[in-house]
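The values are calculated or read from the model by the stated rules, or taken from the named source; none is laboratory data. This structure is a prediction, so every number in the text was calculated from the model and none was measured. A quick note on method: Cβ atoms are made from the backbone with ideal geometry, for glycine too, and the neighbour counts reach across all protein chains shown.
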Amino acid sequence: MLFLFMILFGMYGYSVPISVFFDADIGWHRVEKLRTWQKVDATLFSFLISNQLALLATSFLYLVFVRRKIMRLPSESQQLPNINYFRFAIIAGVLSSLSEGLNFVRAGGFGAIGQGKAFYQGAVNDLALNIPYEGFFYISIALFAQFFASVQRKSDKYLTYLPPFLLSIAFVLFINLAIGERGTLLVSIVIFVLGYTIKKRIVKIGFSYLVLLSFLYVAFNVLTLLREKSVEYKGFGKFFATYDQKLYKLMNPANSEFGSPALNYRIFINQKPDDYDFKLGKSYTEITTAFIPRYVYPNKPKGIIFEFRDQYFPERKAMGSTAGTGFSSLMEAYMNFGYVGPFIVYLIFMFFLIYMESKRGREQLFADLLYLLLFNVFLIFSRSASQYILYTLFLYIGQILVVAMVYKLLPKQVFKILKTTDAKG
């Protein structure tokens, strides 16, 4: 997880500066927001300073904790697969599909999907008592991955266990593919890989992994193009012949969502008044109202993400209530404490990451499950505000408890068909 976080940190933090230094084409519509977007200016150097301070905090913790080898994995055990992991996975998968199914119907069904990702997600977010399905979906993936890794017979893996699992999450997969939500699919794939290898220390990346990662990177960029209304798919060959230049540009992370935090940060620095009053930690207390729906608390204070969006990206607000801009955690740290903010915030965050890394693979279901779900928290850290990060963390913990409660309430007869001779539980 630490390795993956550093890869993401590098893509979010350095794809734009490197592209600018090497004069790569990252203009597109962003030049309209910041005239110096493709140039070396004070805003770019400010962004780099914050990145370097965050990297300094990470390096310090790495030298203190990781280099001292506190994160030793226990010896791999040859225990039978725990059937309860599979049962929990099915329950969580069904809950995710039911939750998304209810949201789908109430948001307008196929009519809402036809108006695009931002509209559909905004319509779901505006529902009274909408049900967040992502946590249940990731819980299902994480549990199944661990169980799947422990099953030895291939016939059991692919014929007995895989079909019912895929059936339980089928509707979630369908909706995300329909609206082109690549983020959820990408997170689920990574969580599965992390869960499948949770008891292994991967010390090198084989050629097959590189091929798979390259394929996925291209596939998700294709999905990004397909969700644009101006893009039409009329066959594999014609698609690549028509949109090859757009796809080529998307291969540079700076032209995708990885460039958004830099844009947010640089726009803020460019327009920041000289007498700007730092928030001194105020934005980090927004979690106190994060769980209260606006229809319950009509005067709920607007979060820092949406304050920034409404001021600098009003067109994004018109796209839907959840349409964000890729808010930068570095920017929030700077907005609160100046340049010392990135060092302090990343020091705290990375200490938590390293602590969870040291607890994985020790046959503790809750600890392993939380560790796997935290990937999405780490993924959004570089492009989200603290309110959303903490909200997501607490929501996942609550949904883990819901899955456990449902398991306890269901009659045991429901699980009789899942009993096998090569599984315990």
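General observations
- Pairs are defined by a Cβ separation below 8 Å, a sequence spacing of at least 6 or placement on different chains, a first member in the stretch 270-292 that is without any contact (Cβ under 8 Å) to a residue 12 or more places away in the chain and under 30 Å from ASN130 (Cα atoms), and a second member that is part of a loop (DSSP other than H, G, I, E, B) and not β-branched (Val, Ile, Thr); the pairs so defined are ILE292/LYS300.
- Against the list (1) under 27 Å from TYR391 (Cα atoms); (2) at pLDDT 85 or above; (3) more than 22 Å from the chain's Cα centre (by Cα), the condition PHE147 fails is (1).
- Scan of the stretch 268-314 for residues that are hydrophobic (A, V, I, L, M, F, W, C) and more than 18 Å from PHE337 (Cα to Cα), ordered by number: ILE287, ALA290, PHE291, ILE292, VAL296, PHE306, PHE313
Residue-by-condition table, conditions (1) among the basic types (Lys, Arg); (2) at pLDDT 85 or above:
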| position | (1), (2) |
| --- | --- |
| TYR339 | no, yes |
| PHE349 | no, yes |
| LEU353 | no, yes |
| LYS359 | yes, no |
| PHE366 | no, no |
| ALA385 | no, no |
| GLN399 | no, yes |
| ALA404 | no, yes |
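- Whichever residue in the stretch 272-299 is in a helix (DSSP H, G or I) and in contact with a Leu (Cβ under 9 Å, 6 or more places away or on another chain) and, among such residues, is nearest to GLY10 (Cα to Cα): TYR284
- Residue within the stretch 315-334 that is surrounded by fewer than 15 Cβ atoms within 10 Å (Cβ to Cβ), of a type in the set (A, V, I, L, M, F, W, C), more than 16 Å from SER260 (Cα to Cα) and at pLDDT below 80 present: yes
- Residue check, LEU4 at pLDDT below 85, under 20 Å from ILE202 (Cβ atoms), in a loop (DSSP other than H, G, I, E, B) and under 26 Å from the mean Cα position of the chain (by Cα): no
- Sole residue being polar (S, T, N, Q) and touching a residue at least 24 places away in the same chain (Cβ under 8 Å), chosen from SER208, SER214, SER155, SER140: SER140
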